[in-house]
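Novice: I have a structure here, written as structure tokens, and I will follow up with some questions on it.
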Amino acid sequence: MVEQDEQALDAARSATVRRKPVPARPPPPYPTKKLSLVDRWKNLSRRTRIIVLAAILATIALVVGLAAGLSTRKHTQNLPLPSGHGGPYTGDLTYYEPGLGACGVTSSNKDKIVAISHIVFDAVSTGSDPNSNPLCGKKIRARRDNKSVDLTVVDRCTGCHPKDIDVTVDTFAMLADVDLGRVLVEWNWLENIPAKAEG
């Protein structure tokens, strides 16, 4: 009897356990293809659609408002303008070949004239005619190494930063070696412009 029990125990150990087969996974109840943007939009609740549209419209309004505000605002506060303070300012001194300037004046190398930065020139513009710019004809005094020269504004310099000035080669030679081409200069306005011209 003991022998039978041992045989039965051995048979049980060597027998393979049969497991119940696992059924195949059923297909998902939703389509497996990717939904288009339109289909996703249709699947959103009405409330979610309203929130998304409001956020998009608010973003567009903010961008348009910022762009309009930045393009129409004149930045005259930190510019070297002749009203009030008037200088001195420090910027680059360069030279150019003069001719007919933005103020409608034709100049030559022997003239003591100056082209100021287009940023400053345009900031006080009173219309589309640059000849009527309030800075035309204004005087500045440029100084370098204990030398100075008084100059008349007749042009605008498109390559100049706000505190840079551009003069004739003869004027440059009065203040520095022409071979240097670009040097630092200190300058100031000798007369004010009316406050209403600054906008």
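Novice: What's the ranking of 95-105, 57-67 by average number of surrounding C-beta atoms within 10 Å, highest first? Mind dumping the intermediate values first?
Specialist: Numbers: 95-105: 16.9, 57-67: 10.0.
Highest-to-lowest ranking by the protection proxy: 95-105, 57-67.
Novice: Within 10 Å of each residue's Cβ, count the other Cβ atoms and sort K112, K34, K147 from fewest upward. Each step should come with its number before you reach the end.
Specialist: Values: K112 16, K34 7, K147 10.
Starting with the residue having the fewest Cβ neighbours, the order is K34, K147, K112.
Novice: Sort 45-51, 152-158 by the packing proxy (mean of other Cβ within 10 Å over each peptide's residues), most packed first. Before the final figure, lay out each step's value.
Specialist: Working: 45-51: 9.9, 152-158: 21.1.
Per-residue Cβ counts within 10 Å, averaged per peptide and sorted highest first, yield 152-158, 45-51.
Novice: What nm value, rounded to one decimal, do you get for the distance between D39 and K112 when each label is placed 7 Å out toward the C-beta?
Specialist: The modelled label-to-label distance comes out at 8.1 nm.
Novice: Still on this structure, I have one more. Could you please tell me the mean projected area of the C-alpha convex hull for segment 89-198, averaged over all directions and given in square nanometres to one decimal? Working shown, then result.
Specialist: Details: hull surface 24.7 nm².
Average projection, Cα convex hull of segment 89-198: 6.2 nm².
Novice: Among the DSSP beta bridges whose two residues both lie in segment 89-198, what percent are antiparallel, rounded to the nearest 5? Spell out each step's value before the answer.
Specialist: Numbers: 19 of 27 bridges.
Here the antiparallel bridges make up roughly 70 percent for segment 89-198.
Read-outs: derived from the displayed coordinates by stated rules, not from any lab. These figures come from a predicted structure and were not determined experimentally. Note that each Cβ is placed from the backbone with ideal geometry, even for glycine, and that neighbours are counted across all protein chains shown.
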